[in-house]
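**Q** Let me give you the structure first, and then I'll get to my questions.
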Amino acid sequence: MIMNDKTDIMVSVCANCGKGEEENAKLKNCTACMMVKYCTRECQSAHRPQHKKACKKRVLHDEELFKQPPPQDDDCPICFQKLPVLNTGRRYQSCCGKEICAGCEYAPVYDNQGNVVDNQKCPFCRTPFCKSREDMIARLKKREEAGDRIAIYNMGNYYRDGRNGFPQNHTMALECYHRAAQLGHALAYNDTGYCHEFGRGVEVDKKKANHYYEIAAIGGDVVARHNLGIKEKNAGNTNRALKHYMIAVASGDSVSLNKVKELYSNGRATKEDYTKALQSYQVYLGEIKSPQRDKAAAADEYYRYF
């Protein structure tokens with residue numbers, strides 16, 4: 001693939017002789033790495049000495065990139081059920097650093113006699129909710145000092161947006177993302193990539209941005225995984241895009257499921273691909289659905305969890 005300087009469109013050409021598809025040459029991808037195309041087997045053989053090292057490197061890289069991420073150890077500490085991927089389905093508690101599912105946050109609390117009691121407290125540690133922004137910031141900074149990766153990541157978002165009493169400072173935001181990422185927060189790698197892609201607190205570096213997106217995806221972040229699929233689809237790499245979407249769907253991303261459906265509708269994915277995507281998403285739903293979470297979601301869109 002090369003870039004046409006006049007049209008700014010990606011054009012397919014043979015990596016060896018430069019012949020393009022517009023010259024009636026039927027190009028085929030290198031089946032190992034899918035990075036380059038050739039018009040004939042002879043051209044592929046001739047180009048092999050130049051391509052061999054890059055091909056092997058790409059294959060090893062893709063083995064790591066397209067592995068299904070390990071199961072995330074993020075069950076709700078109250079109901080012990082898997083936390084939803086959707087951010088409205090989970091709540092971070094700055095008092096104890098726990099993430100609680102929307103169902104448990106919404107659920108009424110009863111005393112030993114079965115009477116409903118004051119629920120203006122953390123569902124897990126029963127600490128009263130913050131009464132002011134200053135209290136919230138103080139708790140967040142305490143969690144930060146304790147090395148809480150979610151608290152550090154949230155502080156990065158506050159610096160990025162200039163909210164909750166934090167001045168807008170992209171450099172500080174990026175610093176927080178780096179710290180959270182080093183502590184294992186996959187989404188922080190995604191936001192680090194975003195900073196590099198758009199020059200937020202750092203020089204624009206597309207290559208480095210993609211590197212961080214891939215680390216985030218490997219770590220299990222479905223946002224990064226879905227966006228990598230979008231990038232591959234826009235580049236014309238449908239097979240690679242489908243791989244990303246399928247992994248994201250299995251991790252609970254309904255948006256990627258719609259992308260697989262779109263590819264199937266356009267003849268770019270098979271019926272088996274779409275069936276597998278539907279089945280894997282149903283497995284995910286089976287792990288996160290509960291009557292209490294359904295009650296919360298029905299009561300307020302704020303608690304929607306899938």
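The values are calculated or read from the model by the stated rules, or taken from the named source; none is laboratory data. Every value quoted in this text rests on a predicted model; they were computed, and no experiment measured them. Please note: Cβ atoms are built from the backbone with ideal geometry, for glycine as well, and neighbour counts cover all protein chains shown. Each accessible area value is taken on the protein alone, full model and side chains, heavy atoms only, with ligands, DNA and RNA left out. Shrake-Rupley method; radii C 1.70, N 1.55, O 1.52, S 1.80 Å.
**Q** Quick check: anything in region 65-74 touching a residue at least 12 places away in the same chain (Cβ under 8 Å) and within 27 Å of ALA298 (Cα to Cα)? Spell out the reasoning first.
**A** Within region 65-74, the first condition is being touching a residue at least 12 places away in the same chain (Cβ under 8 Å), and the residues that meet it are 65-70, 72, 74.
With the extra rule that they be within 27 Å of ALA298 (Cα to Cα), the set shrinks to 72, 74.
Scanning region 65-74 turns up at least one residue that is touching a residue at least 12 places away in the same chain (Cβ under 8 Å) and within 27 Å of ALA298 (Cα to Cα).
**Q** Let me confirm something: among GLU203, GLU175, which residue is open to solvent by 20 Å² or more (accessible area, probe 1.4 Å), acidic (Asp, Glu) and part of a helix (DSSP H, G or I)?
**A** Working: GLU203 fails: part of a helix (DSSP H, G or I).
Testing whether each residue is open to solvent by 20 Å² or more (accessible area, probe 1.4 Å), acidic (Asp, Glu) and part of a helix (DSSP H, G or I) leaves just GLU175.
**Q** Go through region 115-156 and count every residue that is exposed (fewer than 15 other Cβ atoms within 10 Å of the Cβ) and assigned to a helix (DSSP H, G or I).
**A** Counting residues in region 115-156 that are exposed (fewer than 15 other Cβ atoms within 10 Å of the Cβ) and assigned to a helix (DSSP H, G or I) gives 7.
**Q** Follow-up. Does region 59-99 hold any residues that are open to solvent by 50 Å² or more (accessible area, probe 1.4 Å), more than 21 Å from TYR245 (Cα to Cα) and not in a strand (DSSP E or B), and which are they?
**A** Within region 59-99, ASP73, ILE78, CYS79, PHE80, LYS98 meet the criteria.
**Q** Within region 21-58, restricting attention to residues that are within 28 Å of the chain's Cα centre (by Cα) and β-branched (Val, Ile, Thr), which residue is least open to solvent (accessible area, probe 1.4 Å)?
**A** VAL36
**Q** Taking into account only those residues within region 227-273 that are touching a His at 6+ places or on another chain (Cβ under 8 Å) and buried (at least 22 other Cβ atoms within 10 Å of the Cβ), which is nearest to ASN210 (Cα to Cα)? Spell out how you get there, then give the answer.
**A** Filtering region 227-273 down to residues touching a His at 6+ places or on another chain (Cβ under 8 Å) leaves 228-229, 232, 244-245, 248, 253, 255-256, 259.
If we keep only those that are buried (at least 22 other Cβ atoms within 10 Å of the Cβ) too, we end up with 228-229, 244-245, 248, 253, 256, 259.
Values: LEU228: 8, GLY229: 12, HIS244: 14, TYR245: 17, ALA248: 17, ASP253: 20, SER256: 19, LYS259: 21 Å.
Within region 227-273, the match that is nearest to ASN210 (Cα to Cα) is LEU228.
**Q** Restricting the search to region 218-272, which residues are closer than 16 Å to ASN87 by Cβ, in a loop (DSSP other than H, G, I, E, B) and in contact (Cβ under 8 Å) with a residue 60 or more places away in the chain?
**A** Selection gives GLY220, SER251, GLY252, ASP253.
**Q** Continuing with the same structure: Assuming GLU105 fulfils every condition listed in (1) in contact (Cβ under 8 Å) with a residue 60 or more places away in the chain; (2) open to solvent by 60 Å² or more (accessible area, probe 1.4 Å) apart from one, which condition is it?
**A** Every listed condition holds for GLU105 apart from (2).
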